Structures are given as C-alpha cells and as structure tokens.
C-alpha cells in the first residue's frame, strides 16, 4: 500500500472525496431525520465496534462538521502531497487505530466525529519532522506548531460533550504511525539527502599550498 509521488491535483482528490462523503452523510441524516449517532463508537460494547468505521463520518451538527472539515482537508492534502508514499496506509492506520483505542479506553458514551482523525494527522505531520529530520519535514512541523498549537488543549478533559479521548488517543496514534514509517522516504527526501551528501566542500587556504613546498634554487 506504499504509494507514489503525487502532484497537488492528485493529492487533493482523497481529501475532497472524504470531506464530500462526510457532508453527504450529514445532509442525508438531516433530510431523513435519522438518528445515526447510535453508529458512533460505544466503548467496550460489541455493538459499538462498528463505530470504529462509521464514527468519523458522523457529526452532531453543521458547526461540528465544518470545524472538522477544514483541518481534515488541509492535513489530508498535506500528507498526500509531502508523504505520498506512506499517506494512504498512514491515514488508514490512524483512522482505524484511533477508533479502536477510543473503543478500548473511552468513556461509555457514543463518540462521533472526525476530530480524532484530525488530531492523528496533525500529530503525524509534526512528529514526522522530528523523526525524519530533513528540511521539508521540519518546516512542516513548524507550520503545524503555528497553525494548530491551540489544539493542545483539546487532549485534556474539558468541555462537556467533547470527546477529548478521541483527541488524545488520535494524537498518540499519530506519533506511533510517524515513527513506524519514518524510514520510508519520498522522492524529495531522497533527492535532498543525495544533494547534501554529494556536495563537496572546497578547501581554502590563506596562502597557496605551494608557498611552503621546497623548490629548486
């Protein structure tokens, strides 16, 4: 499932598809008057396992949906563009493992929304810079710090009705996935490394080297 290098147009497609799917599900739910929250993750109950796959597609209202759509769109595009070789498998692992972790450790209420996946992707991009240590990855990590530093509060128990467990566990899963795929390099990372290694440092001396060499008189 390791993919190839993508252009911006190609990287946008997975993000647009997933965001479109979330909005379609929500609109159908509203129009039909369905109570699909029961398909969220309900921890440690067998019936709640289905939520691992369905919960990120479900949102309580349009504000909830919109607040997840923007960072999810941005982060998905980012990983497919800059970490294209591992983007698909990383997204799938973060999606499923975050849900499973919530099922194991979350409070026994219905957990819905894509925020756990969002936190997983943010964590993945930040820690990829830490683990990979190449220029572009580090820059992306700095961008994440600037844009999403406020998200740190979301991993702590706080506002009622917010699944902070999803945020915290998603962030932990993101670290794990970033570590597991750290050695799978994209083309731009390989080129950057090769360019650095091939660069020769020109030796410079204050005096010409032959100044001190013996010469026949």
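The values are calculated or read from the model by the stated rules, or taken from the named source; none is laboratory data. Just so you know, these numbers come straight off a predicted model, no measurement behind them. Positions of Cβ are generated from backbone atoms using ideal geometry, with glycine treated the same way; all protein chains shown enter the neighbour counts.
The criterion of being in contact with a strand residue (DSSP E or B) (Cβ under 9 Å, 6 or more places away or on another chain) and crowded, with 19+ Cβ neighbours inside 10 Å holds for residue 102. Filtered by the rule that a residue be farther than 19 Å from residue 109 by Cα, over 24 Å from the mean Cα position of the chain (by Cα) and not in a helix (DSSP H, G or I), the stretch 1-57 gives a lone residue, 33.
Cβ-Cβ distances below 6 Å connect the following pairs, each with a first residue in the stretch 159-175 that is closer than 14 Å to residue 99 by Cβ, a second residue that is in a loop (DSSP other than H, G, I, E, B), and a separation of six or more residues or different chains: 165/106. Of the residues in the stretch 17-39, not one is more than 26 Å from residue 103 (Cα to Cα), surrounded by fewer than 16 Cβ atoms within 10 Å (Cβ to Cβ) and in contact with a helix residue (DSSP H, G or I) (Cβ under 7 Å, 6 or more places away or on another chain).
Yes/no per residue for (1) more than 15 Å from the chain's Cα centre (by Cα); (2) modelled with pLDDT under 90; (3) farther than 17 Å from residue 91 by Cα:
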{"site": "118", "(1), (2), (3)": "no, no, no"}
{"site": "126", "(1), (2), (3)": "no, no, no"}
{"site": "135", "(1), (2), (3)": "yes, yes, yes"}
{"site": "146", "(1), (2), (3)": "yes, yes, yes"}
{"site": "149", "(1), (2), (3)": "no, yes, yes"}
{"site": "156", "(1), (2), (3)": "yes, yes, yes"}
{"site": "165", "(1), (2), (3)": "yes, no, yes"}
{"site": "169", "(1), (2), (3)": "no, no, no"}
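Considering only the stretch 44-59, how many residues are touching a residue at least 12 places away in the same chain (Cβ under 8 Å) and over 28 Å from residue 87 (Cα atoms)? Give the derivation first.
Going through the stretch 44-59, the residues touching a residue at least 12 places away in the same chain (Cβ under 8 Å) turn out to be 44-45, 48-49, 51-59.
Okay, now just the ones that are also over 28 Å from residue 87 (Cα atoms), so 44-45.
Adding up the residues that qualify gives 2.
Being surrounded by 13 or more Cβ atoms within 10 Å (Cβ to Cβ) and touching a strand residue (DSSP E or B) at 6+ places or on another chain (Cβ under 9 Å), is that true of even one residue in the stretch 76-99? Checked against the condition, which is being surrounded by 13 or more Cβ atoms within 10 Å (Cβ to Cβ) and touching a strand residue (DSSP E or B) at 6+ places or on another chain (Cβ under 9 Å), the stretch 76-99 yields at least one hit.
Considering every residue within the stretch 58-65, establish whether at least one is crowded, with 22+ Cβ neighbours inside 10 Å, within 16 Å of residue 140 (Cα to Cα) and modelled with pLDDT of 95 or more. Checked the stretch 58-65: no residue is crowded, with 22+ Cβ neighbours inside 10 Å, within 16 Å of residue 140 (Cα to Cα) and modelled with pLDDT of 95 or more.
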